[in-house]
Amino acid sequence: MVGIDGGIVIVDDALKLSNIKPYDILSYGITRTFQEARLFNQMTVLDNVLTVLTERNVFGALFEKHNDYHLGKAKDALEKVNLWEKRNELAANLSYGQRKLLEIARAISTNLKQEGKTVILIEHNMEIIRELCDYAIVMDSGKLLAQGKPEEVLRKKEVVEAYLGE
């Protein structure tokens with residue numbers, strides 16, 4: 001780790017990625033969410049998901065005629081996070097938790113897990129970690145505290161002390 005805001009990602013124990021451009025990350029099978037949701041607030045929930053379903057840039061995706069395939073994938077992702085009923089709402093009108101779920105829907109709509117790819121979820125809500133993650137890495141000020149299955153990691157003394165205040 002280079003610092004709190006830097007570092008490298010190693011893919012398949014061989015490919016080292018550093019200084020990678022954000023728009024190239026998905027081609028390596030990696031996506032992430034942010035601690036603070038980064039959404040298109042003046043777009044609907046459905047449109048927020050549709051923008052990530054093409055390989056075009058955001059503006060190209062906005063004006064693309066989405067076919068049944070794209071709409072089906074968006075619906076599947078939104079149903080998984082229980083936001084399908086909110087599909088016509090503006091993202092700006094969602095609660096904090098719903099905004100996080102929408103960001104997760106955007107990440108999973110790219111079929112990452114099914115294709116052996118990874119979603120990096122930056123989150124402090126331990127219930128979300130328990131529910132959604134297969135593997136957890138806990139860091140504190142750039143230092144690795146624990147890694148492994150979420151239930152095991154979240155029981156470790158150093159994790160509890162750093163994040164749960166007990």
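The values are calculated or read from the model by the stated rules, or taken from the named source; none is laboratory data. Since the model is a prediction, treat every value here as computed from it, not as a measurement. Because the Cβ atoms are built from the backbone with ideal geometry, glycine has one as well, and the counts that use them run over all protein chains shown.
So the values come out like this:
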item: Residue list for the stretch 132-157, restricted to those being part of a helix (DSSP H, G or I) and either surrounded by 13 or more Cβ atoms within 10 Å (Cβ to Cβ) or not acidic (Asp, Glu) (or both); result: Leu132, Pro150, Val153, Lys157
item: Matching residues, the stretch 81-101, being charged (D, E, K, R) and under 18 Å from Thr51 (Cβ atoms); result: Lys86, Arg87, Glu89, Arg99, Lys100
item: Top-ranked residue in the stretch 55-113 [being at pLDDT below 90 and touching a strand residue (DSSP E or B) at 6+ places or on another chain (Cβ under 9 Å); ranked as farthest from Leu39 (Cα to Cα)]; result: Lys113
item: Looking only at the stretch 79-95, and only at residues there that are without any contact (Cβ under 8 Å) to a residue 40 or more places away in the chain and in a helix (DSSP H, G or I), the one that is surrounded by the fewest Cβ atoms within 10 Å (Cβ to Cβ); result: Glu85
